[in-house]
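The values are calculated or read from the model by the stated rules, or taken from the named source; none is laboratory data. The structure presented is a predicted model; accordingly, all values stated were derived computationally and were not measured. Cβ placement follows ideal geometry from the backbone for every residue including glycine, while neighbour counts extend to all protein chains displayed. Quick note on the areas: whole protein, heavy atoms, side chains included, nothing else; ligands and nucleic acids left out. Shrake-Rupley method; radii C 1.70, N 1.55, O 1.52, S 1.80 Å.
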Amino acid sequence: MGVVQPVQRILILLFCSSLVGVLPGADLNESATNFPDKSNDVLAAGSWARGRRIFNGNLAKCSTCHRLHGTGVAVGPDLSDLVDANYEQVLRDISLPEFEVAKQYLIHEVTLENDTPLSGILRISGDDLLVIDRTGKRSSAKKKTVQKIVPTTKSFMPPDLLQGLKSQEIQDLMTYLLSAAPHMPNLAPNGPIRRSRQEVAEILADANELSNPLRPLNIVLVAGPKDHGLGEHDYPAWQKVWYELLASAQDVRVSTAVNWPSEEQFENADLVILYQKGTWDDRRAKDVDAFLARGGGLVLIHWAIGGGNRAAGLARRIGMAAGIAIGYRHGPLDLTFDGAHAITRNFEAVRFYDESYWHLDGEGTDVTRLATGIEENQPQPLIWCREHEKGRVFVSILGHYSWTFDDPLFRTLLLRGIAWTAKEPVDRFNDLVTIGVQLKE
Ligand code: HEC
């Protein structure tokens, strides 16, 4: 882009602010983004993100008996293969659990020798009997102390679960159960590198318990018009997928903006995440300075660190920025990590397949280099974080290819970076690491 004259700049600002908004047809925080199957009207009428919150929440209690997409307790059957299941049949299974009950899920009334009554499903192992009641309470007894066991016709799954829900909430729950989990539209699912369950478990190990209740967070996801080829720099797809992921977490409100957040979004945000072709101008400088000064968190992914011939200004806020003379390379990136930081806990050396940048503007002397890769025989910072006034900044150069966002190890780094930047425990979003991700066993 050439030099922008003042009048042009005003026009550009007007243009940009008119684009600030949310996804088409969406109400800011509670939108149904119709992910992912727009062709299915019934499922499109619900929101996957809201459905996940309801599933895991206290009203419907589904996750006290079912495990789905990495959360919940697996006492009842696995629900992960309901994608493409018959809608009416699933709705019937939820509203009339007694319609068809497999034997192992029938409630049994148990009386012990000392006349203690127990009621629930039975699990027998050796000499021991375990009775699990509908609240999840587990009572164990020696088999020989059992006086009487009487099966009922009742299912372990309570019949009245949907009664407390509004019809839109039931719709959301159905969309959550019957849709594929959000993931990037990939040319090659997960890209050239596939992680194993074991690898992911090792990286996530030693997580701290989260506080209860959680601090409510207000997150703004900022994208821009797509550039580059298929499967690269897909900012709009990222915005949709990460809207669903983050909005499906408890106590998180997510809104979206194209190009730049509105004044109101900046005022209310705890965290602004940018994935777009970056630019730097006076308006951005003013907004970012005010935001970081009051303790806001800023996350920049990949080309969002572009500042053109004004990159030095961006670099002063985020540590380093991409000017007009950067070096770059697409391909395998062998990253080594500073394991001392909470964001990189359990990371030592990992190969990703993405793009590196180097020859950045800014010294980067006041950043914490979380990950580096070798380019031109020098370790180059590829992921870093920084404190700026009361605020925090997290930057990932990785993020060129769509598949990187579905790489659970990259997700871990980004989600920890997001949490850290919002001054939250880095493990807050662990449940989102493997959603929609294909793992090798
Ligand atoms: C107290 C435990 C419990 C709770 C709470 C519970 N379920 Fe169930 N659910 C079960 C059990 C046990 C079965 C299997 C019963 C059977 O064989 O009919 C089941 C069956 C199902 C089925 C049929 C799956 C299949 O493969 O047959 C669906 C769908 C389902 N539950 C969804 C839900 C949803 C959605 C919620 C929350 C609104 C929920 N469940 C809450 C225990 C529970």
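Quick check on residue 384: is it surrounded by fewer than 22 Cβ atoms within 10 Å (Cβ to Cβ) and touching a residue at least 24 places away in the same chain (Cβ under 8 Å)?
Numbers: surrounded by fewer than 22 Cβ atoms within 10 Å (Cβ to Cβ): no; touching a residue at least 24 places away in the same chain (Cβ under 8 Å): yes.
Answer is no for this residue.
Quick one: count up the residues across region 263-282 that are outside any strand (DSSP E or B) and either surrounded by 20 or more Cβ atoms within 10 Å (Cβ to Cβ) or touching a strand residue (DSSP E or B) at 6+ places or on another chain (Cβ under 9 Å) (or both).
Here is the first cut: in region 263-282, the ones outside any strand (DSSP E or B) are 263-270, 276-282.
So of that shortlist, the ones also either surrounded by 20 or more Cβ atoms within 10 Å (Cβ to Cβ) or touching a strand residue (DSSP E or B) at 6+ places or on another chain (Cβ under 9 Å) (or both) come out as 265-266, 268-270, 276-280.
Adding up the residues that qualify gives 10.
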task = Collect the residues in region 60-71 that are more than 7 Å from the ligand (Cβ to nearest atom) and either at pLDDT below 90 or closer than 20 Å to residue 119 by Cα (or both), keeping them in residue-number order.
result = 70, 71
Residue ID - nearest to the ligand (Cβ to nearest atom), chosen from residues in region 92-112 that are of a type in the set (A, V, I, L, M, F, W, C), touching a residue at least 40 places away in the same chain (Cβ under 8 Å) and open to solvent by 30 Å² or more (accessible area, probe 1.4 Å) = 101
remark   = The condition from (1) modelled with pLDDT of 95 or more; (2) within 27 Å of the chain's Cα centre (by Cα) that residue 339 misses is numbered (1)
task = Pull up region 165-185, narrow it to residues that are touching a residue at least 24 places away in the same chain (Cβ under 8 Å) and open to solvent by 50 Å² or more (accessible area, probe 1.4 Å), then point me to the one that is farthest from the ligand (Cβ to nearest atom).
result = 185
task = Give 80, 119 a once-over and let me know the one that is without any contact (Cβ under 8 Å) to a residue 24 or more places away in the chain and in the same structural domain as residue 132 (by TED's automatic domain parsing).
result = 119
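Could you run through region 240-275 and say how many residues are on the phi > 0 side of the Ramachandran plot and among the polar types (S, T, N, Q)? Working first, answer last.
Kept after step one, since they are on the phi > 0 side of the Ramachandran plot, are these residues of region 240-275: 251, 259.
Subsequent filtering for residues that are among the polar types (S, T, N, Q) retains 259.
Of the residues in region 240-275, 1 are on the phi > 0 side of the Ramachandran plot and among the polar types (S, T, N, Q).
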task = Six or more apart or on different chains, Cβ under 7 Å: which pairs go from a residue in region 358-380 that's of a type in the set (Asp, Glu) to one that's open to solvent by 30 Å² or more (accessible area, probe 1.4 Å)? Could you list them?
result = 361/312; 375/329
key: So residue 369, is it out of contact with any His (no Cβ under 9 Å at 6 or more places or on another chain) and in a strand (DSSP E or B)   = yes
message = Restricting to region 74-91, count the residues that are open to solvent by 50 Å² or more (accessible area, probe 1.4 Å) and within 9 Å of the ligand (Cβ to nearest atom).
response = 5
